[in-house]
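The values are calculated or read from the model by the stated rules, or taken from the named source; none is laboratory data. None of the values given here were measured: they were computed from a predicted structure. Methodologically, a virtual Cβ is constructed for each residue, glycine included, from the backbone with ideal geometry; neighbour enumeration extends over all protein chains shown.
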Amino acid sequence: MIRLRSLGDCVLTTPALSLLKAHRSDVKISVIVEPRFAAVFEGNPDVDEVRSTARRADLALNFHGGTRSMWMTLPARLRAGFGHHSLSFLYTHRIPRAQEILGIERRVHTAEHLASAVFWMGVPTVEIPRARLFADSSTEPRTVIHPFASREDKTWPAERFVEVAKRVPNPVILAGPNDDVTPFAEFEVWKNESLARVKSLMSGAALFVGNDSGPAHIAAAFGVPVVVIFGSSDPVTWAPWRTESQVLTSTNAIAEISTEQVLTAVDALKKVRA
């Protein structure tokens, strides 16, 4: 199985792997993934091997669809991937649209899109489970705040995250290596931590608040209540999967979402959990 790039995509691949392994426990599942995302699959009993390079296999299932990943299927005897990509002629088996497989005509969530591939391969069509991540013993319950994203139009203003952090219990700011954490100097900041340690933090978190990004999907995988603020990305495709959540959107810019809206969403989740 090939799954290159994007933390959230890697996380949302795990329901499909779970379905496949449950149906065919005899199949050895190897995941080809970039080293920086390998920890997503570590400790997962549905995965027999995690590696970064392709080699000969009976079947290569491409969950990614980019040019590089399509060429990586070539050593396999059988090669399957979604047929709408331009290089799908490289496959021996082209997977139809998720809507055709699932018998629906609506936009689908990424977890549904990926799971549809294994349904097409013969796995019985059942309810798609939550993503599966595994971590070492968790830290104390925290409110994890991730105020960063890959693009400006997906990033809620930092000063509003500061206001939220002041009004939630036990906050910790999660940041990547290139993120500017200057506005959050008064809080505990976890910057450029290993993915394994981030999973541990999330596994015991009490609440997650952040932009639409990979950490939101990690939180959802552990069943953490999630408040996600959406900018340009599609909440139908990328909403938190199978966890209690509040999704905030704006018809225009992400900055139109107010601090009070986010705090109201936080309070709503607190009432659900009470």
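Structural remarks
- Just so you know, in segment 20-39 the residues that are more than 17 Å from the chain's Cα centre (by Cα) and outside any loop (DSSP other than H, G, I, E, B) include one that is farthest from residue 115 (Cα to Cα), and it is 30.
- Among the residues of segment 220-274, those that are at pLDDT 95 or above, outside any loop (DSSP other than H, G, I, E, B) and over 25 Å from residue 159 (Cβ atoms) comprise 220, 221, 236, 237.
- Condition broken by residue 114, with the remaining ones in (1) in the same structural domain as residue 249 (by TED's automatic domain parsing); (2) outside any loop (DSSP other than H, G, I, E, B) satisfied: (1)
- Restricting attention to segment 145-163 and to residues that are touching a Pro at 6+ places or on another chain (Cβ under 8 Å) and outside any loop (DSSP other than H, G, I, E, B), the residue that is nearest to residue 234 (Cα to Cα) turns out to be 146.
- Residue 267 being surrounded by fewer than 20 Cβ atoms within 10 Å (Cβ to Cβ) and within 21 Å of the chain's Cα centre (by Cα): no
- The set of residues in segment 1-17 being assigned to a helix (DSSP H, G or I) and under 14 Å from residue 49 (Cα atoms) consists of 14, 17.
- Filtered by the rule that a residue be of a type in the set (D, E, K, R), in contact with a strand residue (DSSP E or B) (Cβ under 8 Å, 6 or more places away or on another chain) and assigned to a loop (DSSP other than H, G, I, E, B), segment 45-90 gives 48, 58, 77.
- Filter result (touching a Lys or Arg at 6+ places or on another chain (Cβ under 7 Å) and surrounded by 18 or more Cβ atoms within 10 Å (Cβ to Cβ)) within segment 91-119: 91
- Filter result for residue 42 (at pLDDT 95 or above, assigned to a loop (DSSP other than H, G, I, E, B) and surrounded by fewer than 17 Cβ atoms within 10 Å (Cβ to Cβ)): yes
- Residues that are in the same structural domain as residue 256 (by TED's automatic domain parsing) and either aliphatic (A, V, I, L, M) or free of Cβ contacts under 8 Å to residues at least 24 places away in the same chain (or both) are absent from segment 127-134 altogether.
- Residue in segment 123-144 that is modelled with the highest pLDDT, counting only those that are assigned to a loop (DSSP other than H, G, I, E, B) and under 24 Å from residue 261 (Cα atoms): 142
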